[in-house]
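A.B. asks: Please read through the structure below; I'll follow up with questions.
The values are calculated or read from the model by the stated rules, or taken from the named source; none is laboratory data. Computed from a prediction, not measured in an experiment: that's the story for all the values here. Glycine gets a Cβ as well: all are built from the backbone with ideal geometry, and neighbour counts include every protein chain shown.
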Amino acid sequence: MIKKPKSIFTFKERRKISHIDKMIKKLKLMSTLIKGEKILDIGFATNPNPFLKNAIGIDIQKVRKPKNYKKIYRLNLNKNKLPFKNSSFDSIIAADVIEHVENPYPLLKECNRILKQNGKLIISIPNPVYFWAVVKNIFYRLPKEGATEGTHLYSWTIFEMVNILKHAGFNCLKLWGTIIRTPLIMVEVPVARFPALGTIIVYECEKTSKPSKYVVIKDSNKKVKKIGR
């Protein structure tokens with residue numbers, strides 16, 4: 001009887017390869033959604049996008065400039081505003097960034113400021129209701145880490161993220177999924193058309209207005225009111 005050959009990779013190695021493959025596919029997808037020639041890539045350092053041309057990168061880490069990037073800036077997004085003039089860019093990419101920032105909404109407002117009217121904002125964030133994340137939340141005392149990686153400060157459902165983006169002056173044109181993956185046998189299925197099933201969701205947005213200058217509350221009669229700031 002012929003024995004089935006063992007995999008040349010360990011489970012950890014296969015998981016790492018899977019992560020790299022998923023990341024490359026996500027970066028390629030995001031690069032196809034941009035418009036124009038003036039592109040800003042926020043938080044590029046860990047995974048520079050090889051599919052961009054003459055992009056400007058910004059990150060808190062000190063790294064060498066990728067060959068396909070025009071210029072890079074080192075900046076702490078928790079302390080500093082984006083160092084660009086109003087309406088400077090055609091598109092902005094932020095791949096798995098805003099969940100790491102202490103206060104994401106001011107960053108979205110800054111993106112709105114430096115984007116041209118009808119410019120594109122392409123962001124990706126982890127899906128907090130991905131099935132494995134839900135399992136971890138149910139048995140939250142068992143995993144060594146929480147439902148998301150330890151460096152994530154926030155998570156948003158699709159409805160929450162769309163609402164925040166709308167408040168920041170963006171219209172979500174389309175949502176894209178990445179892959180759905182079983183945690184043990186490492187089977188992966190593309191779910192681009194079903195974003196709610198994916199491990200990560202890509203939001204394709206367009207700047208349509210300035211950020212809202214009001215907050216929404218409910219009065220004593222439970223009526224929704226908008227109060228200017």
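A.B. asks: Could you list, in sequence order, all residues of the stretch 68-107 that are among the charged types (D, E, K, R), at negative phi and either surrounded by 17 or more Cβ atoms within 10 Å (Cβ to Cβ) or modelled with pLDDT of 95 or more (or both)? Quick ask: steps written out before the conclusion?
C.D. replies: Residues of the stretch 68-107 among the charged types (D, E, K, R): 70-71, 74, 79, 81, 85, 90, 96, 99, 102.
With at negative phi added as a condition, the list becomes 70-71, 74, 79, 81, 85, 90, 99, 102.
Scanning the stretch 68-107 gives K70, K71, R74, K85, D90, E99.
A.B. asks: For a quick check of your reading of the model, give me the residue pairs whose first member lies in the stretch 126-155 and is farther than 13 Å from L197 by Cβ and at pLDDT 70 or above, whose second is among the acidic types (D, E) and surrounded by 14 or more Cβ atoms within 10 Å (Cβ to Cβ), with beta-carbon atoms closer than 6 Å and at least 6 apart or on different chains.
C.D. replies: Going by the 6 Å Cβ cut-off, the qualifying pairs are H152/E99; Y154/E99.
A.B. asks: For N49, all conditions in the list (1) free of Cβ contacts under 8 Å to residues at least 40 places away in the same chain; (2) surrounded by 15 or more Cβ atoms within 10 Å (Cβ to Cβ); (3) assigned to a loop (DSSP other than H, G, I, E, B) hold save one; what is the number of the exception?
C.D. replies: Tallying (1) free of Cβ contacts under 8 Å to residues at least 40 places away in the same chain; (2) surrounded by 15 or more Cβ atoms within 10 Å (Cβ to Cβ); (3) assigned to a loop (DSSP other than H, G, I, E, B), N49 fails exactly one: (1).
A.B. asks: Determine whether K120 is in contact (Cβ under 8 Å) with a residue 12 or more places away in the chain, surrounded by 13 or more Cβ atoms within 10 Å (Cβ to Cβ) and of a type outside the set (A, V, I, L, M, F, W, C).
C.D. replies: Values: in contact (Cβ under 8 Å) with a residue 12 or more places away in the chain: yes; surrounded by 13 or more Cβ atoms within 10 Å (Cβ to Cβ): yes; of a type outside the set (A, V, I, L, M, F, W, C): yes.
Judged against the criteria, K120 is a match.
A.B. asks: Within the stretch 52-80, how many residues are assigned to a loop (DSSP other than H, G, I, E, B) and more than 19 Å from the chain's Cα centre (by Cα)? Break it down stepwise before answering.
C.D. replies: Residues of the stretch 52-80 that are assigned to a loop (DSSP other than H, G, I, E, B), as a first pass: 52-54, 60-68, 75-80.
Cutting the leftovers down to more than 19 Å from the chain's Cα centre (by Cα) gives us 53-54, 62-68, 79-80.
Within the stretch 52-80, residues that are assigned to a loop (DSSP other than H, G, I, E, B) and more than 19 Å from the chain's Cα centre (by Cα) number 11.
A.B. asks: Please go through the stretch 94-116 and pick out each residue that is closer than 13 Å to I34 by Cβ and touching a Leu at 6+ places or on another chain (Cβ under 7 Å).
C.D. replies: Taking the stretch 94-116 as the starting set, the residues that turn out to be closer than 13 Å to I34 by Cβ are 94-95, 115-116.
Of everything in the stretch 94-116, those that are closer than 13 Å to I34 by Cβ and touching a Leu at 6+ places or on another chain (Cβ under 7 Å) turn out to be A95, L115.
A.B. asks: Going by the structure shown, is D41 more than 30 Å from I114 (Cα to Cα) and modelled with pLDDT of 60 or more? It would help to see each step written out before you state the result.
C.D. replies: Details: more than 30 Å from I114 (Cα to Cα): no; modelled with pLDDT of 60 or more: yes.
Considered against the rule, which asks whether it is more than 30 Å from I114 (Cα to Cα) and modelled with pLDDT of 60 or more, D41 comes out as no.
A.B. asks: Can you name the residue in the stretch 16-38 that is over 18 Å from R113 (Cα atoms) and in contact with an Asp or Glu (Cβ under 7 Å, 6 or more places away or on another chain) and is also modelled with the highest pLDDT among such residues? Please lay out each step first, then the result.
C.D. replies: Taking the stretch 16-38 as the starting set, the residues that turn out to be over 18 Å from R113 (Cα atoms) are 16-33.
Next cut, in contact with an Asp or Glu (Cβ under 7 Å, 6 or more places away or on another chain) only: 18, 33.
On the way: S18: 50, L33: 95.
For the stretch 16-38, the residue satisfying everything is L33.
A.B. asks: Can you pull out every residue in the stretch 20-46 that is of a type outside the set (K, R) and loosely packed, with under 15 Cβ neighbours inside 10 Å?
C.D. replies: First pass over the stretch 20-46, keeping only residues of a type outside the set (K, R): 20-21, 23-24, 27, 29-34, 36-37, 39-46.
Once the filter is applied, which keeps residues that are of a type outside the set (K, R) and loosely packed, with under 15 Cβ neighbours inside 10 Å, the stretch 20-46 yields I20, D21, I24, T32, G36, E37, T46.
A.B. asks: Give the residues of the stretch 35-46 that are in a loop (DSSP other than H, G, I, E, B) and under 17 Å from I125 (Cα atoms), sorted by residue number. Break it down into steps so the answer makes sense when it comes.
C.D. replies: Narrowing the stretch 35-46 to residues in a loop (DSSP other than H, G, I, E, B): 35-38, 43-46.
Within the stretch 35-46, G43, F44, A45, T46 qualify.
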